[in-house]
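Everything below concerns the one structure shown next.
The values are calculated or read from the model by the stated rules, or taken from the named source; none is laboratory data. Just so you know, these numbers come straight off a predicted model, no measurement behind them. Cβ coordinates were reconstructed from backbone atoms using ideal geometry, including for glycine residues, and neighbour counts include every protein chain displayed.
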């Protein structure tokens with residue numbers, strides 16, 4: 001449970017910073033004390049579903065997306081997946097070939 005709270009908090013912090021918001025700004029927008037938001041971002045407290053919904057709305061994410069953010073690149077990964085879903089089949093096959101090539105190249109480093 002503790003790891004899940006840390007992942008959630010890190011995801012919130014990353015998205016907040018990407019949006020150019022301070023903790024104080026976001027806390028005010030979602031009607032929580034900045035100290036409470038800080039504890040959420042550090043994984044020290046479990047936010048209520050209502051607070052998580054408010055945070056999600058302010059940061060422009062669906063509430064279930066927080067569980068998809070696994071590391072710093074999580075938001076970029078979500079964006080890449082969204083782009084891949086829009087590809088035509090031929091472009092998708094090409095993209096997969098390119099990604100496989102990149103992985104092989106990395107393995108050789």
Report summary line: If you go through 77, 94, the only one that is at pLDDT below 75 and either within 21 Å of residue 3 (Cα to Cα) or surrounded by 10 or more Cβ atoms within 10 Å (Cβ to Cβ) (or both) is 77
Requested in this report: Report, by residue number, each residue of segment 42-55 that is in contact with a helix residue (DSSP H, G or I) (Cβ under 9 Å, 6 or more places away or on another chain) and either crowded, with 17+ Cβ neighbours inside 10 Å or not in a loop (DSSP other than H, G, I, E, B) (or both).
Outcome: 43, 47, 49, 51, 52, 53, 54, 55
Query - Single residue of segment 64-74 satisfying the filter (in a helix (DSSP H, G or I) and surrounded by 11 or more Cβ atoms within 10 Å (Cβ to Cβ)) that is modelled with the lowest pLDDT - result: 74
Query raised in the report: So residue 109 clears everything in (1) out of contact with any helix residue (DSSP H, G or I) (no Cβ under 9 Å at 6 or more places or on another chain); (2) assigned to a loop (DSSP other than H, G, I, E, B); (3) at pLDDT 90 or above except one condition, right? Which one?
Result: (3)
Query raised in the report: Hey, among the residues in segment 22-41 that are surrounded by 14 or more Cβ atoms within 10 Å (Cβ to Cβ) and not in a helix (DSSP H, G or I), which one's nearest to the chain's Cα centre (by Cα)?
Result: 30
